[in-house]
Amino acid sequence: MTDDVRSRTSRLAALSGIGYASLVFLGSAVIGGTAGAGRHSLDAADSDVSEYIRDADVTRVWIGEYVAVVGYGLFIFFAAYVWSVVRRDVERDWRDSAVLGPAFIYVALAMVGTASLAPVLNRRGDVEAAARLLDLRSVVFAMAFLFFATWLAGVGIRSLRTRALPASLSRSAVGIGALQFVGTPLANLDPVFTGVPTFAGFLWVGVVSVLLARRGPK
């Protein structure tokens with residue numbers, strides 16, 4: 001691979017991070033535009049679930065889901081590229097799997113959570129089944145956030161050792177990951193517990209994406 005091609009592919013891999021953050025945020029916002037009490041809470045009443053699936057704009061949900069899924073796919077490239085930058089090891093070892101594995105699990109779980117809206121809105125007459133699927137969606141996304149936090153903290157810890165990223169970004173990765181771990185179990189009480197660290201994680205990815213794209217391969 002020539003230096004020019006290597007530089008272009010590295011920049012594209014780096015920019016996949018801002019693509020991920022933008023598309024997932026946009027897709028979630030589109031889906032959230034059809035939100036109601038029944039979509040967010042595990043203890044929502046059947047009447048709330050019924051109201052949500054009756055009033056949801058199905059076309060907007062499909063568009064939002066497609067955009068979000070494309071974004072999650074881009075995260076795989078970004079996660080792999082960031083880890084190649086921060087690990088700075090000649091030989092691969094178990095730490096590659098320990099950090100990259102959670103990134104791939106995060107994407108898989110997030111896609112399952114995203115896709116779970118399809119059977120809910122395609123079978124509007126069965127409120128009980130819809131409620132179960134929405135509960136499953138909430139739990140799957142909670143697990144996904146925990147794996148995202150694992151990846152983020154792992155990258156931050158490794159970068160503190162190798163100094164591949166600015167110290168402020170390395171420490172903030174660890175901090176956001178820790179906040180996500182603490183906030184996720186409390187999200188059923190109030191979505192803000194997971195919303196704040198999730199948004200901070202998107203912001204971190206966007207900043208690092210631009211930084212690495214400008215830096216280029218080393």
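Going from the fewest other Cβ atoms within 10 Å to the most, the residues I18, I31 appear in the order I18, I31. Computed from phi, the 3J(HN,Hα) profile of the stretch 130-145 under the Karplus parametrisation 6.51, -1.76, 1.60 (θ = phi - 60°) reads 4, 4, 5, 5, 5, 4, 4, 4, 4, 5, 5, 5, 4, 5, 4, 4 Hz, with x in place of Gly and Pro. Beyond 30 Å, what share of the Cα-Cα pairs of the stretch 3-215 remains, rounded to the nearest whole percent? Of all Cα-Cα pairs in the stretch 3-215, 26 percent lie more than 30 Å apart.
Ordering S209, S84, S28 by the number of other Cβ atoms within 10 Å of each residue's own Cβ, fewest first, gives S84, S28, S209.
As a rough footprinting exposure proxy, the listed residues T114, T184 were ranked by other beta carbons within 10 Å of their own, and the order from fewest upward is T184, T114. Across the stretch 79-86, coupling constants 3J(HN,Hα) worked out from phi with the 6.51/-1.76/1.60 Karplus curve, θ = phi - 60°, read 4, 5, 5, 4, 5, 5, 6, 7 Hz, and Gly and Pro carry x. For the stretch 195-201, the Karplus equation 6.51 cos²θ - 1.76 cosθ + 1.60, evaluated at θ = phi - 60°, returns couplings of x, 5, x, 5, 4, 4, x Hz by residue, with Gly and Pro reported as x.
Read-outs throughout are calculated quantities, based only on the coordinates presented, and are distinct from any laboratory measurement. Since the structure is predicted, the reported quantities are computational estimates derived from the model, not experimental observations. Note that each Cβ is placed from the backbone with ideal geometry, even for glycine, and that neighbours are counted across all protein chains shown.
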